[in-house]
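In what follows, a single structure is set out as structure tokens and then discussed.
Only the coordinates and a few stated rules stand behind these numbers; no lab work does. Since we're looking at a predicted model, the values are computed, not measured. In this analysis, Cβ positions are derived from the backbone assuming ideal geometry, glycine residues included, and neighbour counts consider all displayed protein chains.
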2 protein chains.
Amino acid sequence: MYELVNGGVCAAKGFRAGGIHCGIRKNRTKNDLSLIVSEVPATAAAVYTTNKVKGAPLEVTRKHLENHRARAVICNSGNANTCNSNGIEIAEQMSVLLADGMGIDADDVVVASTGVIGQPLNPEPIAAGIPQLIAALDENGSREAALGIMTTDTKVKEIAVSFQISGKECKIGGIAKGSGMIHPNMATMLVFITTDAAISDTLLQKALSGDIQNTFNMVSIDGDTSTNDMVCVLANGMAENPCICEENGDFEIFMKALNTVTVGLCRMIAGDGEGATKLLECKVRGAKDAQTAKCVAKSVICSSLTKAAMFGADANWGRILCAIGYSGADVDVTKIDVSFASDKGTILVCKDGAGVDFSEEKAKEILLEEEINILIELNDGGAAATAWGCDLTYDYVKINGDYRT
Amino acid sequence: MYELVNGGVCAAKGFRAGGIHCGIRKNRTKNDLSLIVSEVPATAAAVYTTNKVKGAPLEVTRKHLENHRARAVICNSGNANTCNSNGIEIAEQMSVLLADGMGIDADDVVVASTGVIGQPLNPEPIAAGIPQLIAALDENGSREAALGIMTTDTKVKEIAVSFQISGKECKIGGIAKGSGMIHPNMATMLVFITTDAAISDTLLQKALSGDIQNTFNMVSIDGDTSTNDMVCVLANGMAENPCICEENGDFEIFMKALNTVTVGLCRMIAGDGEGATKLLECKVRGAKDAQTAKCVAKSVICSSLTKAAMFGADANWGRILCAIGYSGADVDVTKIDVSFASDKGTILVCKDGAGVDFSEEKAKEILLEEEINILIELNDGGAAATAWGCDLTYDYVKINGDYRT
């Protein structure tokens with residue numbers, strides 16, 4: 001029913017995208033300016049970081065989206081435009097220059113930045129690059145746009161799915177940048193999603209705000225909630241489905257399609273965390289309520305000691321019990337079972353809160369894989385949650401020991 | 001008034017200590033069993049981890065201290081005796097064997113364990129070693145005891161001060177083990193403190209419980225709150241001061257002496273965090289209340305990105321603003337100033353929430369030192385707080401990637 005398709009943010013009808021190197025980043029082979037454009041004005045919804053220190057572009061975008069409408073997303077990498085005295089001015093300038101170049105309203109521009117915080121952002125390369133950026137727009141431009149929002153990411157993150165609403169084929173796709181400073185709280189890293197489904201602004205925002213609670217807010221790379229997190233969805237209605245204006249079956253179909261895209265991007269972000277060699281997926285089951293399940297899953301995925309053990313393929317389950325214990329969740333320790341799983345199999349390492357005999361050799365084989373499942377059964381009810389993260393490696397330290405140079 | 005003296009936990013009158021290798025740890029050159037004994041029954045107070053997964057020794061100690069009295073502390077390293085089905089039994093057995101060997105009540109024994117979680121603890125080496133442990137007790141035995149509670153610690157942690165109460169010389173001293181899994185919450189790592197001051201059980205507990213809020217609870221190595229944290233104080237009254245039984249001037253003197261010892265141990269624990277090359281001290285001033293100051297200081301000291309930047313001697317102050325922003329504290333970002341300081345000088349890097357021009361060369365020189373101060377002025381009131389931590393290094397990952405082997 002939800003079929004994976006190519007095209008990322010250009011999969012949905014009426015969207016083009018592109019990315020160029022304009023000169024913010026020193027490395028000329030890396031794109032540093034991206035654009036996504038809808039042929040017609042789109043309904044827009046967004047969520048933002050809860051960090052009190054906010055990137056200037058977020059403030060400008062929030063203002064622009066007061067009318068729930070957008071036509072374009074512009075985003076630079078290499079500089080977060082955060083903690084700069086003239087940040088708002090520069091973010092406004094980026095919107096106006098793009099709007100003028102395209103003949104649209106500046107209010108219809110979503111603006112975003114990512115990169116180092118607190119370095120002055122020179123707007124000149126952006127201003128000079130905008131004509132070239134507009135010229136680079138292409139129906140197959142999602143990958144170039146995805147490249148332009150990357151910082152320490154090593155992999156392009158894009159995904160799209162196709163689905164049916166009342167007999168009309170709709171598509172939804174997205175691109176993301178993740179890597180470091182990832183511990184979203186009511187928002188996430190930079191994620192831009194496009195769809196040709198017709199949906200009201202209220203329900204688009206509701207779908208997004210609800211979805212992130214179980215997706216982007218369940219990802220953590222390093223416990224640092226960024227200043228520039230934003231997820232934005234543009235829905236241009238060009239699929240010509242009857243507009244989704246109430247919480248009916250069509251809305252549920254849309255929610256599931258959105259969730260397929262966001263979970264896909266979460267896994268890509270977690271698996272490509274700074275320095276990561278492994279994607280960790282922590283699944284908690286048998287919780288007495290959803291909050292407990294989430295709290296446990298997130299605590300385990302955030303534990304530096306657990307993350308380092310996973311890097312070493314060491315089945316040190318005591319650290320998982322420890323992280324459950326300090327999570328703040330109300331759990332009965334003597335009921336907890338823990339298993340590790342991967343493509344190589346599943347192994348039970350802890351039963352009723354105490355260790356069981358297990359083959360260290362088999363555990364090592366399982367944990368040497370690139371995708372590890374940490375399965376926690378609380379045996380205390382029927383609620384579940386999943387969180388995504390990555391291992392803690394030498395390269396995380398290397399990348400972040402001297403990020404600015 | 002508070003003079004640093006030698007002797008650690010043996011500085012106070014009537015205390016002896018010792019440590020031996022009994023065979024829990026494979027490396028025969030490392031002590032793994034420690035003992036501290038008071039000549040006479042002592043008033044005792046303790047605080048414990050808030051982790052819901054608790055080491056069995058903590059449960060046994062809590063029961064033993066119901067009468068607020070203790071004579072001896074026994075502690076093994078190499079195994080935390082946590083998440084073992086027979087953990088309570090083994091901890092009880094350790095108490096009974098020691099009590100029998102010394103002719104004291106088992107209820108007067110504080111028992112503790114540190115090391116790997118969830119591995120069966122073989123009590124035989126402990127049972128066999130107790131006679132040798134008792135024989136090793138010495139008035140100069142603090143260092144041997146401090147060695148016996150170390151795990152991945154690289155430095156012995158002991159301190160003592162002398163002070164006067166009503167004309168009587170009193171002493172208070174302590175030993176600690178820190179290193180990894182350090183993010184105390186209402187308690188701390190293993191810390192044993194002895195004093196010959198006479199003080200009531202109620203005030204001893206009050207002094208300890210109050211003190212840790214600004215000392216051990218303000219230390220973080222890796223954000224992981226251990227299952228086995230405990231701070232315990234024994235006060236045997238042998239200094240013969242008039243017993244401190246009310247919150248008078250003598251109590252204040254005692255509180256300050258205790259604080260000198262606990263701050264000293266906090267700095268040692270933070271500076272010797274797993275893999276650490278630097279001690280980080282974050283001082284927050286100008287907060288509107290103490291809670292805000294603490295919240296900001298702790299958030300900065302816990303930020304993986306800030307810690308990695310300090311390892312790289314990179315003055316990446318944007319990460320500090322970011323950590324303040326996500327701390328949850330109610331602060332006005334546009335008023336915040338940030339400076340870095342060390343023995344090489346002080347440098348302002350952020351004023352009113354935005355970057356200022358500064359010499360990267362000078363900043364590097366300051367940050368290459370082994371003790372770094374991160375100074376945050378909130379310009380929003382008169383409250384202050386200090387938190388201690390360390391940098392995040394390759395060695396943290398190395399140590400924790402394969403701790404069990």
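Relative to the Cα centre, what is the charge dipole magnitude of the range B:1-147, using +1 at the beta carbon of each Lys and Arg, -1 at the beta carbon of each Asp and Glu, and rounding to the nearest 20 debye?
Values: 13 positive and 15 negative charges, 99 e Å.
In debye, rounded to 20, the range B:1-147 gives about 480.
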- For B:Val219, residues with placed amide H under 5 Å, excluding near neighbours: B:Trp388
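Compute the signed sum of charges (Lys and Arg +1, Asp and Glu -1) over the other residues within less than 15 Å, Cβ to Cβ, of B:Phe251.
Working: positive: B:Lys168, B:Lys206, B:Lys256; negative: B:Asp201, B:Asp211, B:Glu246, B:Glu247, B:Asp250, B:Glu252.
Computed value for this residue: -3.
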- Query: Put the label 7 Å from Cα along Cα→Cβ for B:Ile88; what are its distances to the other copies, in nanometres, shortest first?
  - Reply: 6.1
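Among rounded, prolate and oblate, which fits the range A:3-271 when a ≥ b ≥ c are the square roots of the eigenvalues of its C-alpha gyration tensor, a/c under 1.5 means rounded, and a/b larger than b/c means prolate? Could the numbers behind the result be given before it?
Details: a/c = 1.56, a/b = 1.33, b/c = 1.17.
In terms of gyration-tensor shape, prolate.
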- Message: Under 10 Å, Cα contacts only: if you run a Gaussian network model on chain A, which one of A:Cys322, A:Cys232, A:Cys390 comes out with the highest mean-square fluctuation?
- Response: A:Cys322
- Copy-to-copy label separations for B:Lys351, where each label sits 7 Å from Cα toward Cβ, in nm and ascending: 6.7
- Note on the structure: Note on the protein assembly as shown, DSSP bridge orientation, antiparallel percent to nearest 5 equals 75
- Note on the structure: At the level of C-alpha centres, the distance separating the range A:231-265 and the range A:83-122, in angstrom, is 28
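If you take every DSSP beta bridge whose two residues both sit in chain A, what share of them, in percent to the nearest 5, is antiparallel? Numbers along the way, then the final one.
Working: 57 of 78 bridges.
So the antiparallel bridges in chain A amount to around 75 percent.
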- Query: Which shape class applies to the range B:1-87: rounded if a/c is under 1.5, otherwise prolate when a/b exceeds b/c and oblate if not, where a ≥ b ≥ c are the square roots of the Cα gyration tensor eigenvalues?
  - Reply: oblate
- Per the charge dipole of the range A:279-401 (beta-carbon charges, Lys/Arg positive, Asp/Glu negative, Cα centre), the residue among A:Thr393, A:Ala341, A:Ala323 reaching farthest to the positive end is A:Ala323
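Within a 10 angstrom radius of each residue's Cβ in A:306-317, how many Cβ atoms of other chains show up on average? Whole number is fine. Display every interim value, and only then the final one.
Values: counts 2, 4, 12, 5, 1, 5, 9, 2, 6, 1, 10, 3.
Mean shielding count: 5.
Looking at the range A:347-395, which GluC sites (Glu not before Pro) are in a loop (DSSP not H, G, I, E or B) and have at most 12 other Cβ atoms within 10 Å?
On the way: sites: A:Glu360, A:Glu361, A:Glu365, A:Glu369, A:Glu370, A:Glu371, A:Glu377; in loops: A:Glu369, A:Glu370.
Here the GluC sites (Glu not before Pro) that fit, given the DSSP loop and packing criteria, are A:Glu370.
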- Message: Let me make sure I get this right: for the protein assembly as shown, a, b and c are the square roots of the gyration tensor eigenvalues over alpha carbons, sorted descending. Under 1.5 in a/c it's rounded, otherwise prolate if a/b > b/c, else oblate. Which is it?
- Response: prolate
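Evaluate the charge dipole of the protein assembly as shown about its Cα centre and quote only its size in Debye, nearest 20, assuming +1 on the Cβ of each Lys and Arg and -1 on the Cβ of each Asp and Glu. Before the final figure, lay out each step's value.
Numbers: 72 positive and 102 negative charges, 128 e Å.
Roughly 620 debye, rounded to the nearest 20.
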- Positive dipole terminus of the protein assembly as shown, leading residue within B:Val261, A:Leu203, B:Ser142 (C-beta point charges): B:Ser142
- Net charge near A:Ala99, counting Lys/Arg +1 and Asp/Glu -1 over other residues with Cβ under 10 Å of its Cβ? -3
- Got a sec? Charge dipole of the protein assembly as shown, +1 on Cβ for Lys and Arg, -1 for Asp and Glu; which of A:Pro125, A:Ser38, A:Ala293 is way out at the positive end? A:Pro125
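Quick one: putting +1 on the C-beta of Lys and Arg, -1 on the C-beta of Asp and Glu, what dipole do you get for chain A around its Cα centre, in Debye to the nearest 20? Could you put the intermediate results ahead of the total?
On the way: 36 positive and 51 negative charges, 110 e Å.
I would put it at about 540 debye.
For a quick check: sort B:Lys177, A:Lys344 by the number of other beta carbons within 10 angstrom, fewest at the front.
On the way: B:Lys177 29, A:Lys344 15.
By the 10 Å Cβ count, ascending, the order reads A:Lys344, B:Lys177.
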- Message: If packing is taken as the average count of other Cβ atoms within 10 Å, what order do A:21-28, A:94-101, B:80-87 fall into, highest mean first?
- Response: B:80-87, A:94-101, A:21-28
- Query: What are the distances, in nm and sorted shortest first, from the label point of B:Gly328 to the label points of the same position in each other copy, with each label point placed 7 Å from Cα along the Cα-to-Cβ direction?
  - Reply: 0.4
- Message: Which residue in B is nearest the B/A rotation axis when you measure from the C-beta atom, and what is the distance in Å?
- Response: B:Tyr394, 2
